Amino acid sequence: MIKKIFAHLTIVITVIMVVLLVIDSVNDAMGFLRGAEFKTLLIIYCVVALLTAVFYIVSVPRKRGRYVRVAKKKPHEID
Amino acid sequence: MKNNNDLFSPESKHESASRSDGAHPSQPKRSHGSRGRLKRIILFTIIDLLLIGIGLIVFALFHHAIPKQGTTEAIELPAVTPTQTEQVAVVTPEPEIQPTQTDGEATQTPSPTPFVDQGMWGEKFADKFTDGEVISTDNTYQSEDINVTITKVEENSATYYIADIYVRDIDNFKTMMAQDTFGTGFTEKTVDMATNSNAIVAISGDNYGARNFGIVIRNGVLYRDNIFEDVLIMNNDGSMETFSPDDFDINTILQNGAWQGWSFGPLLMTDGQPMVKGTFNSNVNPRNPRSAVGYFEPGHYCFILVDGRQSGYSDGLTLEDLSKVFYDLGCTVAYNLDGGQTAVMAFMDAETNIPYEGGRKTSDILYIAENEG
């Protein structure tokens, strides 16, 4: 569950940052990328992305192990 | 476990024939699991989009909507020196001896003041000012210190207003911050600020409060000195200069007597010549509502307010068009301020232009007003 939440947070913050980058490229007078708010958002994004990656890495070996076990089974053992 | 061959059983065929999703009967029916997954994908997509919207609103709130008072210490810059003010000697007639009918004794008329303060540009623009009376019409204002003429121009699907301004003293050219406070997020309507400051004519400024960087010098006080894009400086001798970020040096401009400073841009003229597309330090070149200030010579300025984004009334001007307007007027320096929905001009407590979508609040104005006292 928490893995999914972090994955969605990564998507949400990524899109927010892309929107800000696009606005800034059109009109940088608003200074969206220069303020402390963007730095805060960047830190949050790093933390969320890091946790998402950690959760993913932790979960992958289990799956691989399961697939390996399934592959090693003889054909008649596979239901 | 259900075999795939079951799909071709008579029961399955009957189900397939009566399917309401319009799919071919030979196609396997989408299971409840995949339909549920599709619903979940749609649901989570909607939730994600909502969170993105909320995130952007929260970002905007903290970035520029919630007022935050400036924390840096404001530095008062040297005021206008007395040598910059013209002291005009008035030839005073010899005191007349007037005989009186009562007692025959001679009385001496009061001696006139030996010097009359003409202000910085009172003599140069003497024909622009009155002797003390105020003459005001729907689009003009003339007093002993100020001369303002508003001209409406309609050409090439654009409507813009030119305020031609003469002032006797630099003190007549003022700036005001929303709620009289330096900081980010403090905003007021241009016309309200103009009314509160008794402005004759006012124009929306650089909206410095939407950012926490960029030069801010107001009425001889330095509030912020970090650079952002092109800069306009008004010196205490009444001259105006524009700087690109590479040419700008805060110490030099302070030594030169900076009195006002704005950060928005781009600058619209170089060496007194108009600029062409591709040479502006801005990406916002298409036709837009615009607010800009121009400089002819010390004491003579102009504000230009361009309406735009209103089909059938005014589409606005490009930066190139605006640059040419200033050049045709005879300006030697011109500078673009915050435009779009922010662009508003007020004359005698009323909005002169028709702002896009009614205009929006801004954080500062440039205005012309009589000196109090």
Average partner chain C-beta neighbours within 10 Å, per residue of A:31-37?
6
Given points 7 Å out from each Cα along the Cα-Cβ axis, report the B:Ala350 to B:Asn198 separation in nanometres with one decimal.
2.1 nm
In region B:131-368, lysine pairs 8 or more places apart or on different chains with C-alpha atoms under 23 Å apart total 6
Taking a crude spin-label model, label points 7 Å out from Cα along the C-beta direction, the A:Ile23 to B:Thr332 distance in nm is 4.1 nm
What does the structure give for B:58-69 when I average, per residue, the other chain Cβ atoms found within 10 Å of the residue Cβ?
3
Between B:Thr45 and B:Thr270, what is the spin-label point distance in nm, taking each point 7 Å from the Cα along the Cα→C-beta axis?
4.8 nm
Averaged over its residues, how many other protein chain Cβ atoms are within 10 Å of peptide B:48-56's Cβ atoms?
5
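What ranking do B:Leu49, A:Leu41 get, fewest neighbouring Cβ atoms within 10 angstrom at the top?
Ascending number of Cβ neighbours within 10 Å: B:Leu49, A:Leu41.
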Other residues with Cβ under 12 Å from the Cβ of B:Gly261 give, with Lys and Arg +1 and Asp and Glu -1, a net charge of -3
Of B:Ala202, B:Phe303, B:Gly183, whose Cα points farthest to the positive end of the dipole of region B:131-368 (charges on the beta-carbon: +1 Lys, Arg; -1 Asp, Glu; origin at the Cα centre)?
B:Gly183
Would you mind calculating the gained length between B:Ser157 and B:Ile54 on full extension (0.36 nm times residue separation, minus the Cα-Cα distance), in nm to one decimal?
33.2 nm
Convex hull volume of region B:125-175 per residue (C-alpha atoms, cubic angstrom)
99 Å³
With only Lys, Arg, Asp and Glu charged, each at its Cβ (+1 for the first two, -1 for the last two), find how big the charge dipole of region B:256-373 is about the Cα centre; round to the nearest 20 debye.
420 debye
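Computed from the coordinates by the stated procedures, all read-outs in this text should not be read as laboratory data. Being a predicted model, the structure only gives us computed values, none of them experimental. With ideal geometry, Cβ positions are generated from the backbone for all residues, glycine too; neighbour counts draw on all protein chains shown.
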